[in-house]
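Everything on this sheet refers to the single structure shown next.
The values are calculated or read from the model by the stated rules, or taken from the named source; none is laboratory data. Note that this is a predicted model, so its numbers are computed, not measured. Note: ideal-geometry Cβ built from the backbone for every residue, glycine included; neighbour counts use all protein chains shown. Surface areas here come from the heavy atoms of the whole protein model, side chains and all, with no ligands, DNA or RNA. Shrake-Rupley method; radii C 1.70, N 1.55, O 1.52, S 1.80 Å.
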Number of protein chains: 2
Amino acid sequence: MRAAHRLTQRVATRQASAIAPTAGQGVNPAPTHMLPPVSLLVEQPEVGAFNPPKRLLMGPGPGNAHPRVHAAMALPQIGHMDGAFLQMAEEIKEMLRYAWQTKNPFTVPCSGTGSAAWEALCANLTSPGDKHLVLVNGYFGLRHCDMASRYGAEIIKLEKPWGEVFTPEEVDAACAEHKPDMIWVAHAETSTGACQPMDQLGEIARNHDCLLAADTVTSIGGLPVRLDEWGVDAAYAGGQKALSCPPGIAPLTFGDRALTKMDKRTAAGEQVKNWYLDMNMIKQYLVVNDFGVPRVYHHTAPISMAYALREALGILTEEGLEASWSRHRDAAEFFWNELEKIGLECHVDWEHRLPTLTTVKIPEGIDGGKVVTYLRENYNIEIAGGLGALAGKVWRIGLMGYNARRENAALVCAALRDALDAQGYYRAPGLLYPSRQHSRSSFHGSA
Amino acid sequence: MRAAHRLTQRVATRQASAIAPTAGQGVNPAPTHMLPPVSLLVEQPEVGAFNPPKRLLMGPGPGNAHPRVHAAMALPQIGHMDGAFLQMAEEIKEMLRYAWQTKNPFTVPCSGTGSAAWEALCANLTSPGDKHLVLVNGYFGLRHCDMASRYGAEIIKLEKPWGEVFTPEEVDAACAEHKPDMIWVAHAETSTGACQPMDQLGEIARNHDCLLAADTVTSIGGLPVRLDEWGVDAAYAGGQKALSCPPGIAPLTFGDRALTKMDKRTAAGEQVKNWYLDMNMIKQYLVVNDFGVPRVYHHTAPISMAYALREALGILTEEGLEASWSRHRDAAEFFWNELEKIGLECHVDWEHRLPTLTTVKIPEGIDGGKVVTYLRENYNIEIAGGLGALAGKVWRIGLMGYNARRENAALVCAALRDALDAQGYYRAPGLLYPSRQHSRSSFHGSA
C-alpha cells in the first residue's frame, strides 16, 4: 500500500491512537472495531487535488454557472423528507411555472440531467403502440425517435433540413395523415440553433386529439416560452443553459391532458416501465399540496442540486423574465453583427435564430475542429462543433444565462478572428476587419 | 407584476439603460432585442433567500457532506467533453475501484441518485423473462422486485424476517430449485440495518450459472466491501452515505460476466429499454481507455456532482479504506454501548449489525414518531422511523462518513434520553442512567 501523500500517514496515525477500545459492557462480545490487519486487492491510488482549468463555456451547454448558484451548493445538507426541503421544492415548482409561463400544478424537478426529464416524459406518456409524430430538423429530433421507441412508440418522422423550421400547415397535414398520439417538437433545437414557432401547434394537437410535447432545454429563461398559451401538454428543460445552474437536475411539467393520459394508462393496468422516473410515484413525493395525498418517500432527492436550481430560478425571478429575454436577445444580436464584421455567416435565417445558441458556418478551407482546439488552448474558451448532419459544417456557440453578455460575444469574435488568421483565412477588404499578415500563426505554432 | 424586492427594480433599471440598440449594419432587420412590452400569464413570484435549517443528519442518508466536498462544488464548471473532465472521470473510476475493491474496467458514475444506478443495473442486465432470485429481508428487496419486473424479470422472492440474513445454504437451495438468471442481494439493508455475509454467494452464482448483483449503497466506504473476492458481478452504491457526498451521482460497476450478458443481449437484438441509462452508450462516453473506442457524447454529465464525488473519494483515499472502516466500527460500537446505558435495544443481532446504520427498537408505550419530531425540533437532529414491516417499530440512526464520530453518537443518545423522558419513559434503576423526574417534559411543552 502506497501513501497518497504525507497527509495520509499523519491522519492514519492520529486515527489509530484515537481509537482506544470502548470499555467492555459485559454483555456484548469484545469490541471488534480494531479490525484485524487486512490485505487489499486494489491498492490506495495516488490522486492529488483537482484543479479544473478556467474555461469560458460558450458552447451549447453547460455554461458557466452563476457564482451565487455555486454558493448555494455550499449550504449544508438537509434531508429529502425534511419539511424545509419540501417547502423549498414548492418554491422551485412555483418559479418553474413562472419561467415556463404555465399554471400546471404538476411541475417538478427530476433527479438527473435534462435527458432524464425527457426520458420521464417518454416513459410516462407513451403507451406501447402509440404513434409519435416527431418533428425532426436536428439531432435531438432523432434522439426522441430513439428514446420513445424504447417505450414502444411507433415513430413517424416529419423531416426538414437541419436548421429550418416547420409550418403549422405541415404539422396539421401530417397529423391528418398519421393520427398520432403525440407530437414532439424541439422549441429550441440545440444542434441547429433554430427556434420553432409554436403558435397554432397546440390547437392542431387538440384538433387531432393528441398531446403536444416540447423540448425547451435551450429556451427556458433565455427567450419567450409560453407553454399554456401555446397549448403545450408536456415539456422538459435543463438547468445548465439559460438558467445558469450546473447540470444534474431537470425541470418537467405535465398539463391536464398529459395527466389524463397517465391516469388512463394506470386504469388500463399499464405500468410505467421505469421505476426511477415513474411520475405516479414522484407525484406522491413532490405534488401533495396540489393533489391532497400524503408525502411518500420515493428516492433520495439530489439535495445540493435542488439548492442550485432554486438559487438559479431565484436569480431569474429577481431579474425578471422580460429582462432576461431582452438581455439574451441583446447579446445575441450584438454577436451576430460582430460575426458579420469578420465575414462569418450564421447557418439559420435571422427570423428563426435562437438567441441562446448560434450555429456559425465554418468557412470553406477552414478546419473547424482546429479552431475549436485553438480557442480552448489559447483562450480557454469552449465552443463546440456540429452534430450529425452539421458535423464539420458549423460551430455551435452559446450565449446563455450568466454568459449572455456582450463582453463574452466580443471576446469569442476576437478569438475566432485570431484562430482564422492562424489558418490563413482570407477576409475581403470591404469588411470591418480585413485580413492581415499571418505573423501570428507561426507565433502560436499552429497552422 | 410585483417586484420580488427592491434589488429587482435596481437591476431592471440598470439593464434597461445598458441595452442601447446595436448600430444597424444595413443588412439585417432592425435589432429586435428591445422586445415589445409583454404580458405574462404567470406573474413574478416573491421568493426570498433560502436559509436551510442547520441539521445533524443521523438518519439513513443523506448524511452531512464533508466541507471539502461542498468546497469542490464551488469550483467553476467545465464542459462534459473537455479533456480535463474526462481525465477527472478516470480518477473517479480508479478511486471507485479502490473503494469497492474491484478491478472492473467498467466502473462509472451514473447521472442520478443511487436508485438511478440501481435502475441502470436492472435495465442493462435483465432480458425479458429472466428469473431474478431476490433476497428479501427488508424494504429494498421489495424495491428490486418492483424495479426489475418493469424490465420483464420474473421475480422469485426468497424471504426472511426483516433484520435477519440469509445463509449460503438457503441461497444455494433456492438456486437449485428456481435456476435464476440473477441473484440480487442487499449487502447493507438500509431499512433494517442488517449486513448480509457475502462469502460463498459468488461461488453459488457461478455454480448455478447466474449473475450476482449487490446493493452496496450503505456499505461502500463504511465497512469492508470486497466485490472481486466475493465474486459480485454487478453492484451500485450511493454517494450520500459513508462517502460524505451529497446525493445526485451514483457509482455502478459491471464485471466480465455482466458485460458478457450485455453483449449477448445486443447480439440477440435486444435493446436496453432505457435511453438515459443505456450502458452500451455510456460505455462509449466514459470507458474508452479500457475498450479502445473513441469518446462519444451521450448526455450532459452532472459536472458539479462529479467534482463532489471525486473530492469525496479523494478524502476516503487519503484516510485509507481500513482507517475509514475502523472509524465507522468504532463510532458504531460506542453508540451501541451508549444505547444500552439508556435501556434501548438494537433490532439486529450484534454479529450482523451494520456499523453505518443502526435500527433501534422503539420501547413499548413510546410514540416513535414523536421522538423523531422531538429530536428535530429541540436538537436539530434528523433520525428516521422504520419502513414497511418495521414502521412504528424501530428508529433508523446512521453513523456514516463525515458523521461517523463518537461525539455525534453521544449527542444522539443524550437527545434520545431527553425525548424519552419527555414521554415519561421508565428506565430501570440498574441502568447507568435511570429515570429521573419528568420536569423537562412540561418545560419543552411536548408530551
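The table that follows gives values for the structure above.
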{"quantity": "Residue check, B:M281 open to solvent by less than 10 Å² (accessible area, probe 1.4 Å) and in a helix (DSSP H, G or I)", "calculated": "no"}
{"quantity": "Residue within the range A:219-231 that is in contact with a helix residue (DSSP H, G or I) (Cβ under 8 Å, 6 or more places away or on another chain) and away from chain B (no Cβ under 14 Å) present", "calculated": "no"}
{"quantity": "Within the range B:88-196, strands (runs of 3 or more DSSP E) holding 3 or more residues that are more than 20 Å from the chain's Cα centre (by Cα)", "calculated": "B:131-136, B:154-159"}
{"quantity": "Number of the condition not met by B:A267 [criteria: (1) open to solvent by 50 Å² or more (accessible area, probe 1.4 Å); (2) facing chain A (nearest Cβ under 9 Å)]", "calculated": "(2)"}
{"quantity": "Hits in the range A:110-133 (condition: acidic (D, E) and open to solvent by less than 10 Å² (accessible area, probe 1.4 Å))", "calculated": "A:E119"}
{"quantity": "Condition met for B:A235 (at pLDDT 95 or above, at negative phi and in contact with a strand residue (DSSP E or B) (Cβ under 7 Å, 6 or more places away or on another chain))", "calculated": "yes"}
{"quantity": "Given (1) part of a loop (DSSP other than H, G, I, E, B); (2) closer than 25 Å to B:S111 by Cα, number of the condition A:L41 does not satisfy", "calculated": "(2)"}
{"quantity": "Test: residue in the range B:242-258 that is part of a loop (DSSP other than H, G, I, E, B), away from chain A (no Cβ under 14 Å) and out of contact with any helix residue (DSSP H, G or I) (no Cβ under 7 Å at 6 or more places or on another chain)", "calculated": "no"}
{"quantity": "Condition met for B:T107 (open to solvent by less than 20 Å² (accessible area, probe 1.4 Å) and either more than 10 Å from chain A (Cβ to nearest Cβ) or in contact with a Lys or Arg (Cβ under 8 Å, 6 or more places away or on another chain) (or both))", "calculated": "yes"}
{"quantity": "Residue check, A:G61 in contact with an Asp or Glu (Cβ under 6 Å, 6 or more places away or on another chain), within 21 Å of A:L227 (Cβ to Cβ) and open to solvent by less than 10 Å² (accessible area, probe 1.4 Å)", "calculated": "no"}
{"quantity": "Contacts under 7 angstrom Cβ, first residue in the range B:67-86 being free of Cβ contacts under 8 Å to residues at least 40 places away in the same chain and more than 7 Å from every other protein chain (Cβ to nearest Cβ), partner among the acidic types (D, E) and in a helix (DSSP H, G or I), 6 or more apart", "calculated": "none"}
{"quantity": "Single residue of B:S435, B:S446, B:S442 found to be under 14 Å from B:G365 (Cβ atoms) and either at pLDDT below 70 or open to solvent by 20 Å² or more (accessible area, probe 1.4 Å) (or both)", "calculated": "B:S435"}
{"quantity": "Flag if B:Q196 is among the polar types (S, T, N, Q) and open to solvent by 10 Å² or more (accessible area, probe 1.4 Å)", "calculated": "no"}
{"quantity": "Output for the range B:206-231, where each listed residue is open to solvent by less than 10 Å² (accessible area, probe 1.4 Å) and in contact (Cβ under 8 Å) with a residue 40 or more places away in the chain", "calculated": "B:C210, B:A213, B:D215, B:T216, B:T218, B:S219, B:I220, B:G221, B:G222, B:V225, B:L227"}
{"quantity": "Any pair with Cβ under 6 angstrom, 6 or more apart, that starts in the range A:329-342 at a residue that is touching a residue at least 12 places away in the same chain (Cβ under 8 Å) and ends at one that is among the charged types (D, E, K, R)", "calculated": "A:A331/A:R405; A:A331/A:R406; A:F334/A:R406; A:I342/A:R417"}
{"quantity": "Answer from A:A173, A:A153, A:A194 - the residue that is free of Cβ contacts under 8 Å to residues at least 40 places away in the same chain and in contact with a His (Cβ under 8 Å, 6 or more places away or on another chain)", "calculated": "A:A153"}
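Condition check ((1) farther than 17 Å from A:C210 by Cα; (2) buried (at least 17 other Cβ atoms within 10 Å of the Cβ)) across all residues:
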| residue | (1), (2) |
| --- | --- |
| A:R143 | yes, yes |
| A:D146 | yes, no |
| A:I156 | no, yes |
| A:P168 | no, no |
| A:E189 | yes, yes |
